[in-house]
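Report on the structure given below.
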Amino acid sequence: MPTDSSLMLAPTPIAGESPSSWLHRLSLLHGRGAQTLLHSVGIRKMKDPDITLTSQQFGSLVRETNVSASMVAHLGTIYEPLRESRYRRLLRHDDRGRPVYAFCPECLASDETPYLRIAWRFTHWDICPTHRIRMCYRCLGCEAPLLAMRPPQKFYLADLRRCSMCASDLTLQSADRLPQEEICGSLRIQAALANTLLLGHCFIEGHPERVPLDFLMHALSTRQLDGTGIRDTPLTPQFRLLCHDGQMFFLFLNFLGTRGESFPDVT
């Protein structure tokens, strides 16, 4: 039977960190598998913490710890617009249907505390905008994917820089470096897609109203997406998917409050 007990200590969420990343760091802190840890506070077994865990459940994980519930409440809302099953393909899964992440080895290498970025879970996030390299999708040592729900480890010494299967150092993987002039369009549409997925709607140039996420789903399924916007057909006008600088502010509004901190992006 689960025991509704306090964990006493919890890591402070990092701006731009994904829910499963924080959950894994919590697991490392307590030397327990994520499923065991969730069960200890009365949360049933789950396959995908990113879209299943609620703000209330994240709050239960930090009850009576050194971290306030308000600091982790936003984790339960990040992927909320994508919880419906029809949006499943917008999030990365492996060929066995397990939730997985892409990763940038150079980002992980430069982190003081390694963590998984929110956008690394998105199917169409293929280029690291910081380092201009292609994202990696598997450990080169054992070809295992980077799982959102990492399995229990015999020794809880490895952090997110290490493969959960073979403990290989993921930061040592090489990746294709891409010329800036060749990827500008891809980076723009990638950022616009990320904002759209997190908000659950998008804005189209020249159209004053919000456009539902299903519009984007249709554009992706019919391959009407390119580096400059969304095209209907070659014979009809082009529609541009807009990326507003302030969109990410709404995602972290409750977390940052009015403390004067700069809001993060999805990179």
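Read the figures in this text as sums done on the coordinates, not as results from a lab. From a predicted model like this one, the values you see are computed outputs, not experimental measurements. Virtual Cβ from ideal backbone geometry, glycine too; neighbours counted across all protein chains shown.
Temperature 10 °C, viscosity 1.306 mPa s: under these conditions the Stokes-Einstein estimate for region 103-201, based on its Kirkwood radius over C-alpha pairs, is 109 µm² per second. Whole-percent P(r), region 45-176, all Cα pairs, 10 Å bins from 0: 12, 38, 38, 13, 0.
Under 1.5 on a/c is rounded, so check that first for region 19-84, then, if it is not, pick prolate when a/b is larger than b/c and oblate when it is not; a ≥ b ≥ c are the square roots of the alpha carbon gyration tensor eigenvalues.
Verdict is oblate for region 19-84.
Scanning residues 5 or more positions from Asp94 or on other chains, those with amide H under 5 Å from its amide H are Val100, with H placed 1.01 Å from N in the peptide plane.
What FRET efficiency comes out for the pair His39/Arg86, r = Cβ-Cβ distance, R0 = 25 Å, nearest 0.05? Step by step, r from the Cβ atoms, then E = 0.25. Peptide packing: for 61-67, 180-186, the average count of neighbouring Cβ atoms within 10 Å per residue gives the ranking 61-67, 180-186, highest mean first. Note that region 16-26 has calculated 3J(HN,Hα) couplings of x, 7, 7, x, 5, 5, 5, 4, 5, 5, 5 Hz, one per residue in order, obtained from phi through the Karplus relation 6.51 cos²θ - 1.76 cosθ + 1.60 (θ = phi - 60°); glycine and proline are x.
By the Stokes-Einstein formula, at 1.306 mPa s and 10 °C, region 3-51 with its Kirkwood radius over alpha-carbon pairs has D equal to 141 µm²/s.
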